[in-house]
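All remarks here apply to the structure that follows.
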Amino acid sequence: MSINTKAYIENYIKIRNKKNNIVPLVLNEPQLKYYNVIKEMYQQRKPIRIIILKARQMGFSTETEAIIFKNVVTHHNYNAGIVAHKEDSTTNLFNMSKRMLEYLPEDIKPEQKKSNAKELVFNNDQGTGLDSRIKCMTAGGKGIGRSDTFTALHLSELAFWEGDKKATMTGLLQAVPNTPDSMIIIESTANGYEYFKEMWDRAVAGESDFYPLFIGWNELQEYSMPYTGFDLTQEERELKEKYNLTLDQLTWRRWCIQNNCSGDINQFKQEYPICPEEAFLSTGNCYFNKENIINRINTAPEPTVRGKFTCYYDGIRIRNQKFLEQEEGNIKIYEYPEKRVPYVLGGDTAGEGSDYFTAHVINNITGKQVAVLKQQYNEIEYVKQVYCLGMFYNCALVGLENNFSTYPTQKLAELNYPNQFVRKKEDQYNNKYEKSYGFKTTSITRPYILGLLQEIVHDNIDAIQDKDTLREMLTFIVNDKGRAEAEEGYHDDLVMALAISYYIRGQQDYKKSERDKKYRDIQEQIDKVFGEDINKIEGDYGDDIVPF
């Protein structure tokens with residue numbers, strides 16, 4: 001794409017607008033935002049790879065077709081592929097390209113070599129012509145794109161493709177060379193949790209070459225109607241404050257819910273989202289209060305600091321502990337420990353179907369989530385981080401899940417961690433109970449702890465501060481068999497760890513510890529293990545952070 005692409009489009013490209021009139025294509029606000037992302041990638045000589053999560057009728061398909069058309073008719077050997085989710089959409093996109101050609105001024109209109117139902121090819125007369133083409137295809141067709149090589153691909157409404165999306169995409173993506181002049185645009189409205197959502201999540205996490213672009217309905221100026229004087233609901237007041245909405249925008253929102261979405265607020269949020277979480281409404285029956293979660297994601301804070309604990313471990317004890325700030329650290333701290341406040345730390349260890357070790361720290365007085373740990377594999381590193389994190393939070397009560405591995409709880413005991421959750425374990429020989437460290441997930445305890453967490457989400461959602469935890473809750477559903485679990489392809493490590501955290505609170509104090517024997521014992525234990533190191537965090541945070 002050359003620098004003058006915008007000028008070319010607005011001077012030479014004509015489209016059929018929503019009133020069925022042929023008009024010049026003048027880019028609106030969302031289209032300009034999208035154009036500038038492409039322009040920046042082009043100027044940096046990067047292969048253009050963008051995945052767009054959109055509200056309906058923003059004009060991204062039209063703009064993409066215009067950019068592709070301009071490149072095809074002004075570049076030699078430029079082959080473009082367009083894939084739509086159904087046949088009539090393929091026809092509409094192809095007709096759009098034909099219309100752009102039809103209304104192109106004669107002095108710049110290229111000669112066509114042939115034109116069939118789904119392909120435009122421009123002439124290569126005696127080697128002096130373009131030899132470029134636009135080929136339109138419908139997803140679900142056998143082996144589409146596998147025999148082609150494309151400079152550009154436009155993949156429209158991926159979330160609604162039929163058949164094996166992953167296999168189709170694998171073939172198509174391999175048809176585009178990874179060169180600076182190449183372009184792949186994926187754009188779609190959301191359709192629950194499926195392959196497009198997986199691609200979006202990977203892009204957001206920086207795990208793919210695609211740049212994630214989200215533009216909410218509120219960014220399109222025409223989505224506005226004269227305010228009629230109605231009283232705002234609590235949700236509308238919160239949206240107005242959060243996104244600086246005008247009363248005219250809220251008037252349009254009410255109109256759209258009633259007229260375009262038959263009064264279904266969830267359908268509106270999926271088709272006209274204001275944030276990505278609204279778009280990806282779970283296809284299953286979400287176990288938690290979905291609306292509360294989405295609203296909390298919009299207001300939840302960012303971590304105060306991220307990082308990990310460093311320490312010296314000789315196989316017998318842990319010492320010289322410090323917190324090292326890291327941009328992508330495994331520990332997120334939202335609130336530093338307060339003097340004499342009791343905390344609990346619940347954890348879920350990696351096991352069958354899970355790759356992550358997780359833990360949450362809860363202020364046991366307020367019930368607020370104050371720190372989160374999430375890491376992959378490596379049990380001993382998990383133990384070290386849990387040990388240091390627990391001691392940092394005033395020797396927090398630690399309760400770790402014991403189903404797949406007892407190593408973390410056993411190791412904490414070997415390290416003399418002084419405050420582990422104790423469960424009752426029946427002795428099968430004499431029907432007496434003995435005490436065992438750690439939490440055991442069973443057919444009885446699992447629904448109980450999830451029910452407790454469900455109450456927190458319903459009644460006290462502001463206690464949960466971590467957005468990753470909240471997003472994981474959105475994919476925690478009740479399946480067809482009535483079991484509450486992560487939707488296929490997603491994880492529940494953070495959910496289960498948080499449920500354990502709230503469950504174990506009963507074994508910890510609910511008020512500040514005074515300077516009695518228990519407090520002195522805890523302080524002595526911290527001093528014995530860490531000395532003065534526990535009172536210091538590396539970084540410029542003003543006063544040293546102390547555990548009490």
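Each value in this text was obtained by applying a stated rule to the coordinates, not by laboratory testing. Not measured: the values here are computed from a predicted model. For neighbour counting, all protein chains shown are included, and Cβ atoms are generated from backbone atoms with ideal geometry for every residue, glycine included.
Put the Cα centre of region 8-26 next to the Cα centre of region 241-292 and the gap is 30 Å. Per-residue extension of 0.36 nm, minus the Cα-Cα distance of Asn320 and Val204, leaves a gain of 38.2 nm for this segment. Amide H contacts for Ile184 (H built 1.01 Å from N in the peptide plane; partners 5 or more residues away or on another chain; cut-off under 5 Å): Ile48, Arg49, Ile50, Leu153.
Using C-alpha pairs under 8 Å with a sequence gap of at least 6, the mean separation divided by the residue count of region 144-294 gives a relative contact order of 22 percent.
How big is the antiparallel share of DSSP beta bridges in region 101-258, given as a percent to the nearest 5? Each step should come with its number before you reach the end.
Working: 7 of 12 bridges.
About 60 percent, rounded to the nearest 5.
Backbone amide hydrogens, once placed in the peptide plane, bring Phe150 within less than 5 Å of Val176, excluding anything fewer than 5 places away on its chain. Couplings 3J(HN,Hα) for region 457-474, derived from phi with the Karplus relation 6.51 cos²θ - 1.76 cosθ + 1.60 (θ = phi - 60°), are 5, 6, 9, 8, 4, 5, 5, 9, 10, 8, 5, 5, 5, 4, 5, 5, 5, 5 Hz, where x marks Gly and Pro. Step through the table entries Lys197/Lys481; Lys18/Lys240; Lys18/Lys290, compare each Cα-Cα distance with 30 Å, and write down the pairs that go over it. Among Lys197/Lys481; Lys18/Lys240; Lys18/Lys290, the Cα-Cα distance tops 30 Å for Lys18/Lys290. The calculated pair-distance distribution of region 160-221 uses every alpha carbon pair, bins of 5 angstrom beginning at 0, and gives 3, 13, 22, 26, 20, 9, 5, 1 percent.
3J(HN,Hα) along region 293-305: 5, 4, 4, 6, 4, 5, 10, 5, x, 7, x, 5, 7 Hz, from the Karplus curve 6.51 cos²θ - 1.76 cosθ + 1.60 with θ = phi - 60°, whole Hz, x for Gly and Pro. Note on Thr179 and Val37: the model spin-label points, each 7 Å out from Cα along the C-beta direction, lie 2.5 nm apart.
Computed from phi, the 3J(HN,Hα) profile of region 261-277 under the Karplus parametrisation 6.51, -1.76, 1.60 (θ = phi - 60°) reads 10, 6, x, 8, 5, 5, 5, 4, 5, 6, 8, 10, x, 9, 8, x, 5 Hz, with x in place of Gly and Pro. Protection proxy ranking of 17-23, 210-216, by the mean of other Cβ atoms within 10 Å over each peptide's residues and highest first, is 210-216, 17-23. As a rough guide to protection, the peptides 48-58, 472-482 ranked by mean Cβ packing within 10 Å, highest first, stand as 48-58, 472-482.
What FRET efficiency, computed as 1/(1 + (r/R0)^6) with R0 = 56 Å and r the Cβ-Cβ distance, is obtained for Glu291 and Asp148, rounded to the nearest 0.05? Numbers along the way, then the final one.
Details: r = 45 Å, r/R0 = 0.80.
In this case the efficiency is close to 0.80.
The lysines whose alpha-carbon is closer than 21 Å to the alpha-carbon of Lys70, local same-chain residues fewer than 8 away aside, are Lys6, Lys14, Lys33, Lys39, Lys46, Lys98, Lys109, Lys113, Lys114, Lys118, Lys135.
For Lys374, a cut-off of 21 angstrom between C-alpha atoms picks up these lysines, skipping any fewer than 8 places away in its own chain: Lys308, Lys322, Lys332, Lys384, Lys411, Lys440, Lys467. Taking amide H atoms as placed 1.01 Å from N in the peptide plane, the amide H of Tyr334 lies under 5 Å from those of Thr304, Ala371, Val372, each 5 or more residues away in sequence or on another chain.
Among beta bridges from DSSP that stay inside region 5-215, the antiparallel ones total about 30%.
By the helix-only formula, in which each DSSP H run with n ≥ 4 contributes -39500 (n - 2.57) and the sum is divided by residues, the chain has a 222 nm mean residue ellipticity of -10500 deg cm²/dmol.
Under the criterion of Cα pairs below 8 Å and six or more residues apart, the relative contact order for the chain equals 12 percent.
So for the chain: antiparallel DSSP bridges make up what percent, rounded to the nearest 5? Within the chain, antiparallel bridges account for around 60 percent of the total.
FRET efficiency for the pair Lys46 and Ile380, taken as 1/(1 + (r/R0)^6) with r the Cβ-Cβ distance and R0 = 51 Å, rounds to 0.80.
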